[in-house]
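Contents: one structure, followed by commentary.
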Amino acid sequence: MSRDEARAIRDTELEKDRARYGLLAVVVSNLAIAGVAIFGVWRLNGDKAVIVGVLTAAFTAVTSLTTAYLGIKAVSNTAKSIALGDGPARQRTEAAPPAQRTP
């Protein structure tokens, strides 16, 4: 196995670990937010105005956290594919023939 192949395998494994643990962090955080929201609603004993506020804040936090993770992951994957030459910028330059000059 060459040095480049070993590095590619190591980079792939690192990316898998980053994705796995990043997703785990998002899921655990979302569960913690949901747990705190459920506990808060349970302790409010029926005050509907406050319950709506707690649930809205919890939903907003879960949505923001999940969207941020997915957005950062998408941008990271796009940047990596462009840097490796698999992205749209590389495909455009390869597909376009050179311009012809007229004398």
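The values are calculated or read from the model by the stated rules, or taken from the named source; none is laboratory data. Since the structure is predicted, the reported quantities are computational estimates derived from the model, not experimental observations. Note: areas computed on protein heavy atoms with side chains; ligands, DNA, RNA excluded. Shrake-Rupley method; radii C 1.70, N 1.55, O 1.52, S 1.80 Å.
Brief remarks follow.
- Both radii come from the Cα set of segment 16-88: Rg as radius of gyration, Rh as Kirkwood radius; their ratio Rg/Rh reads 1.22.
- Chain lengthening between residue 81 and residue 56 when straightened (0.36 nm per residue, less Cα-Cα): 5.3 nm
- Accessible surface of segment 1-52, 1.4 Å probe, proportion on carbon and sulfur as whole %: 63 percent
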